[in-house]
Amino acid sequence: MADKPTAACIARLNKELQQLDTEPPPGISAWPKDGQINQLEALIQGPKATPYEGGTFKLQIDIPDRYPFEPPKVRFITPIYHPNIDSQGRICLDTLNMPPKGDWKPAVNVATVLSTIHILMAEPNPEDGLMADITAEYKTNRGAFEATARALTLKHAVDASNSTLPSHDASGRASAGGREGAEEAAEEEESEEEEDEEADSGPAPFGQDPP
């Protein structure tokens, strides 16, 4: 990603952020991180009737300088237990990849990407799993999968200070209260994760404590 996005990229992103402000998809918000328009932060509320319901998940979106002719790089910051999301928060989704392996098109925008991720949370694709163990569990023992996913949602994604989507001004920037609250929640999560990593002795799926 270039340090200075092109004028066309900036114009496109400004338009998209304004649209996200005025007509946001349900349960979704995004804003520039630290004023950098080529790096965004987003919040997605867990879909209803899923193990993620009631959780608020933070994501990071890196915009390439050739956007929208190249897809953004998106990853979860909040830990999530999901067949199509790996331990680094990376997402297996065709929309996020260039053809022929993916189906990214310049007409796709950030709002569409986030909405597609929201759908993926509700409807995992076990035929294109990124985490083999979680995918196998999802296929063969759905009850155990849902119990673990729910437990990790309650541990990492249910937090009063991280449950309100930030409001935005006309420029697409988050207002101080909502944005600072989200950042504080993320910092607390990162601190807790570091403490967990120091205490744990073995690797585990994203956000899951070793047995």
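Numbers for the structure displayed
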{"read-out": "Flag for Thr112 being β-branched (Val, Ile, Thr), modelled with pLDDT of 95 or more, touching a helix residue (DSSP H, G or I) at 6+ places or on another chain (Cβ under 9 Å) and outside any loop (DSSP other than H, G, I, E, B)", "value": "yes"}
{"read-out": "First in segment 107-130 and within 17 Å of Leu40 (Cα to Cα), second anywhere and surrounded by 18 or more Cβ atoms within 10 Å (Cβ to Cβ) and of a type in the set (Gly, Ala, Ser), Cβ under 7 Å, 6 or more apart", "value": "Val110/Ala30; Leu114/Ala30; Leu114/Ala42"}
{"read-out": "Boolean, Ile80 is in a loop (DSSP other than H, G, I, E, B), closer than 30 Å to Arg150 by Cα, aliphatic (A, V, I, L, M) and within 15 Å of the chain's Cα centre (by Cα)", "value": "yes"}
{"read-out": "Single residue of segment 10-54 satisfying the filter (hydrophobic (A, V, I, L, M, F, W, C) and in a helix (DSSP H, G or I)) that is farthest from Ala149 (Cα to Cα)", "value": "Ala11"}
{"read-out": "Selection within segment 55-71 - charged (D, E, K, R) and part of a strand (DSSP E or B)", "value": "Lys58, Asp62"}
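The values are calculated or read from the model by the stated rules, or taken from the named source; none is laboratory data. All values derive from a computational prediction rather than experimental measurement. Cβ sites come from the backbone with ideal geometry, for glycine too, and all protein chains shown count toward neighbours.
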